[in-house]
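Before any comments, here is the structure.
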Amino acid sequence: MKEFTYVITDPQGIHARPAGLLVKEAKKFESAISIFKGSRKGDLKKIFTVMALGAKQGEEIKVTVEGADEEAAAAAVEAFLKANF
């Protein structure tokens, strides 16, 4: 299992359009990808659970990746977050 944390830098936090692109990126991989904010957890492949977390600027999220392509999936998701959030 791979995991990493990321602090949201976007002034709007995780909002609809880029969240949809993040979900699309996550769906490219076979691995199970979860996103956590505090005690709340969401499936990174489902837009509604990502949006329900309500991650705002300055808040830390944790992403866990588990599966056959976890290395590539974790790297791609982390790169996407850095480029868009």
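Structure above, values below:
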quantity	calculated
Qualifying residue in region 18-35 (condition: in contact (Cβ under 8 Å) with a residue 40 or more places away in the chain and of a type in the set (Phe, Trp, Tyr))	yes
Any hit, region 63-74, residues being closer than 17 Å to residue 16 by Cβ and among the hydrophobic types (A, V, I, L, M, F, W, C)	no
Near pairs, Cβ below 9 angstrom, 6+ apart or cross-chain, from region 38-63 (farther than 18 Å from residue 10 by Cβ and free of Cβ contacts under 8 Å to residues at least 24 places away in the same chain) to any residue that is exposed (fewer than 14 other Cβ atoms within 10 Å of the Cβ) and of a type outside the set (D, E, K, R)	40/52; 40/54
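Only the coordinates and a few stated rules stand behind these numbers; no lab work does. No experiment lies behind these values; they were computed from the predicted model shown. With ideal geometry, Cβ positions are generated from the backbone for all residues, glycine too; neighbour counts draw on all protein chains shown.
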